[in-house]
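Reading through the structure tokens given below for one structure.
Derivation of every value follows stated rules applied to the coordinates shown; laboratory data play no part. Because the structure is predicted, anything quoted here is derived from the model rather than measured. Positions of Cβ are backbone-derived with ideal geometry, glycine not excepted, and every protein chain shown enters the neighbour counts.
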Amino acid sequence: MTRTTTAGRAARVLSAVGLVGAALLAAPGVGAAQEPDVVSADADVDGDGAANPVTLQQVAPGTQLLRVGLADEFVDAQVSGDETLPLIVPFVVDVNGDGRDELILARSLGANTTTFEVWSLDDGRLHAVTTEDGAPWWLYEGGGVSAIGAYGCVPGTPGRQLRDVQARLDDAASGDGTTRYDGAVVTYAVAGGVAHPAATEPLQDVTRDDPRVQVDPATCAPLD
């Protein structure tokens, strides 16, 4: 089964952005770089112990086709995002440690922040994981100087949980020259395609060195 490291994930994002930039800068018809129209990964989305082939295909600006091959059928879903979003290889994770892999798909790619959705297979249907009220459940990486967006997984009983860090710059508290942020760390338990808040820890006047904001997406990799 394909494993995606943090470094590998970052390289893929940068590679995708580079392809888009090259295509825009090159003159038409003079060896212009092209975006890939299909990317792929392997993930055990049904938990049967065998890897399922996963493809993501660009079908229109802002629309991608997600396809997973099961033992006896293909399951498809339409994924929406920014029209300028390049194809990025799905990140294979297991956010609750149940042996069924989820897919983290990029939704938008900003100057400093990438927004992701978590997709899972439940009852034979591919869908984006939602919050308890049915709203989209988005994860963020980056933020530049103005914000901190990060996520990682922590072990738990009976399964692992996902820790989501979101904090914004506190200008007043940063007056002494040390950049500080306010926000929260929310820990989620994911079950049945829904992210349930399990704990919330407020953050006030924290720096980027604070252990509470030190989370690593690689900790969400599928269990061996």
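In table form, for the structure just shown:
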read-out	value
Segments classed as strands (runs of 3 or more DSSP E), wholly inside segment 33-145, with at least 2 members that are free of Cβ contacts under 8 Å to residues at least 40 places away in the same chain	52-60, 63-69, 74-80, 102-109, 113-122, 138-142
Qualifying position, being surrounded by fewer than 17 Cβ atoms within 10 Å (Cβ to Cβ) and within 17 Å of the chain's Cα centre (by Cα), among Val194, Val154, Val215	Val154
Matching option when the condition is free of Cβ contacts under 8 Å to residues at least 60 places away in the same chain, closer than 30 Å to Asp123 by Cα, of a type in the set (S, T, N, Q) and out of contact with any strand residue (DSSP E or B) (no Cβ under 8 Å at 6 or more places or on another chain), among Thr187, Thr157, Thr178	Thr157
Residue list for segment 170-181, restricted to those being surrounded by fewer than 16 Cβ atoms within 10 Å (Cβ to Cβ) and of a type in the set (Asp, Glu)	Asp171, Asp176
